[in-house]
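The values are calculated or read from the model by the stated rules, or taken from the named source; none is laboratory data. Predicted model, so just to flag it, every value in this text is computed and none were measured. Backbone-built Cβ (ideal geometry, glycine too); neighbour counts: all protein chains shown. Calculation scope for accessible area: heavy atoms of the full protein, side chains included, ligands and nucleic acids excluded. Shrake-Rupley method; radii C 1.70, N 1.55, O 1.52, S 1.80 Å.
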Amino acid sequence: MQKITPNLWFDGNAEDAVNRYTSIFDDSSIGPTSRYDEASAEASGQPEGSVLTIDFELEGQSFVALNGGPQFEFTPAISFIVNCPTTAAVDELWTELAKEGETLMPLDSYPFSDRYGWTKDEYSVSWQLIHDNTIPERKIVPSLMFVGERCGQAEEAMAYYTSVFDDADVNDIARYGPDQAPDEEGTVMFADFTLAGQHFATMDSAQEHDFTFNESISFIVDCADQAEVDYYWDALTADGGEEGQCAWLTDKYGVSWQIVPAVLPELLRDEDAEKAGRAMKAMLQMRKIDIQMLEEASIG
């Protein structure tokens, strides 16, 4: 099971987006759907009975789509790199993902790849499509771009994240040279790293950007027990991170995480609607999740 799962915050169109994505990617599936109950609808302003979250997979990568409202908009600060085994596979995805979106880097040949493009799709989620002839099938990798006042922090952030998670390492790093202004020589042009056995990428960009990290894309950390919840919560709020509501936090670099015990979705999806409702009400009062309190609330 994936330890870290990207969560995408939509404004009422999560179901449409999931159906669209799973129609575009070959190896895809749709999992369980949860809906707003009375308590969560009141807390969020969303209609009771409407879709809250949808689990789905694309190319073996698990995602969660959330209907959270209009508070946050997707930005290219977090994008998804799709490594494709052929240039035809790049072109096929580009046709689908870019046709109603916005081109950030044109589909073309570049010094780092013979076929690459960066686009925002119709929902404003950002995708980097790249030819990689060393892989047998498409692979999706979340990518973090450090811009503005955070530019230059990519390498430090990698070291931080790999110190927090097990089965983690910094892999290849490509750096900007002396003639690549406005980017500072030695900062990260592109790097890949591993957390809990999963691949991530990162880069610095000193170009002018009107965005940074926000809660539109967060990373859910699946925790086996309270000890894991406590560990990741403390580690990721350390040194200037901020606690949020309902398992959410923002780390010191502005990246958002959800620290979620495995029992939480089980309680919220209990077949007994009253038990699920009591668990939801308890969760809505929490910052860090307290498993014992959740279970006691569910029992009533």
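Quick notes on this structure:
- Kirkwood hydrodynamic radius (C-alpha pairs) into Stokes-Einstein, the chain, 37 °C and 0.692 mPa s, D in µm²/s: 163 µm²/s
- Relative contact order of the chain, pairs being alpha-carbon contacts under 8 Å that are 6 or more residues apart, as %: 16 percent
- GluC sites (Glu not before Pro) restricted to DSSP loop in the range 259-300 with at most 15 other C-beta within 10 Å: GLU271
- When shorter helices are ignored and each DSSP H run of at least 4 residues is given -39500 (n - 2.57), the per-residue value for the chain at 222 nm works out to -8000 deg cm²/dmol.
- Solvent exposure ordering (accessible area, 1.4 Å, most first) of MET105, MET1: MET1, MET105
- Taking all Cα-Cα distances within the range 144-286, those exceeding 19 Å account for 58%.
- Sparse-neighbourhood loop sites, trypsin sites (Lys or Arg not before Pro) in the range 1-100 - DSSP loop, at most 11 other Cβ within 10 angstrom: LYS99
- Each Lys and Arg contributes +1 and each Asp and Glu -1, all at the Cβ; summed about the Cα centre of the range 196-273, the dipole is approximately 200 debye.
- Cα gyration tensor, the range 115-161 - rounded (a/c under 1.5), prolate or oblate: oblate
- Across the range 148-268, the mean sequence separation of Cα contacts (distance under 8 Å, 6 or more residues apart), normalised by length, yields a relative contact order of 20 percent.
- With the charge dipole of the chain set up from +1 on Lys and Arg Cβ and -1 on Asp and Glu Cβ about the Cα centre, the Cα lying farthest toward the positive end among the listed residues GLN226, LEU107, VAL18 is that of VAL18.
- The mean sequence distance of close C-alpha pairs (under 8 Å, at least 6 residues apart), as a share of the length of the range 1-65, puts its relative contact order at 41 percent.
- Inter-part distance where the range 8-35 and the range 105-144 are each reduced to a Cα centre, Å: 20 Å
- Sites counted here are chymotrypsin sites (Phe, Trp or Tyr not before Pro) in a DSSP loop (not H, G, I, E or B) having no more than 16 other Cβ atoms within 10 Å; the longest part of the chain that contains none of them is 113-210.
- Low-density loop positions, GluC sites (Glu not before Pro), the range 150-226 - DSSP coil, at most 12 other Cβ in 10 Å: GLU185, GLU208
- Computed across the range 86-211, the Kirkwood hydrodynamic radius from all distinct Cα-Cα pairs reaches 15.7 Å.
- With a simple spin-label model that places each label point 7 Å from the Cα along the Cα-to-Cβ direction, the separation between GLN2 and GLU92 comes to 2.0 nm.
- Per-selection metrics, the range 180-246 (Cα): Rg and Dmax in Å: 15.9, 47
- Student exercise, the chain dipole from Lys, Arg, Asp, Glu Cβ charges, in Debye to nearest 20: 180 debye
- Compactness of the range 205-286 as Cα Rg over 2.2 N^0.38 Å, two decimals: 1.30
- Near GLY69: Cβ cut-off under 12 Å, other residues only, Lys/Arg at +1 and Asp/Glu at -1. The net charge is -3.
- Taken over the range 17-158, the convex hull of the Cα atoms encloses 145 Å³ per residue.
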